[in-house]
Amino acid sequence: MVLLQVVGAPVATAHSELEETQPADGARLLKTPTEIELIFAEPVRQEGSGISANGPQGDRVLTPKVSGQTVRAQWPKRWQGGKFSVTYRIVSEDGHVVAGKFAFRIDAKSTAQTIEEPAQDSSVSAKDSGGVPIWVWLAGFLVLAVAGYGITQIPPTKDK
Ligand SMILES: [Cu+2]
């Protein structure tokens, strides 16, 4: 990555630098995107341009659809829980190769289905611990009521 940027710097006069991505670099999504989008400063050639993605499920080569300065690719439907990175290598109109990488997180709701089971366990343990202290609470309220009664009784005795 660093090497590519250093090598690319001296010839940066006319080729297409990446301007914007969708999702943005560093974004945290709650929904799985249907596609990703890369917008470059100048037109991109379809031939030789490629995008690949990496996530918890491994690596996948995506199919880039180039139109002008925009490169789009369909996002794999089930790629939704965790950190993902997209690596691009595109050929700009002047023939130069521009390569780079951006990353984002997807915390899709469908992963909540696997969290439902442990939730049942926690309700069971709540019942177990809840049964014991009922009399403790009643005793506590009684003590507070007596104490409160005693405090409220003090001002009238002072008046007399
Ligand atoms: Cu160039």
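What follows draws every value from the coordinates through simple rules; no lab data is involved. This one's a predicted model, so the numbers in the text were calculated from it and none came from an experiment. Glycine also receives a Cβ, built like all others from the backbone with ideal geometry; neighbour counts cover every protein chain displayed.
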Query raised in the report: Residues of region 73-88 with amide nitrogen under 20 Å from the 7 Å Cα-to-Cβ point of R105?
Result: 78-87
Report task. Filter the trypsin sites (Lys or Arg not before Pro) in region 37-73 to those in DSSP coil with at most 12 other Cβ atoms within 10 Å of their Cβ, and list the result. Result -> none
Report summary line: With 0.36 nm assigned to each residue of separation and the Cα-Cα distance removed, S52 to H96 gains 13.9 nm
Query raised in the report: With the calculation restricted to Cα positions, what are the radius of gyration and Dmax of region 18-83 in angstrom?
Result: 12.1, 33
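Give me the extension gain from R78 to V61: residue separation times 0.36 nm, minus the current Cα-Cα distance, reported in nm with one decimal.
Numbers: separation 17, 0.36 × 17 = 6.12 nm, distance 1.48 nm.
Answer, rounded to one decimal: 4.6 nm.
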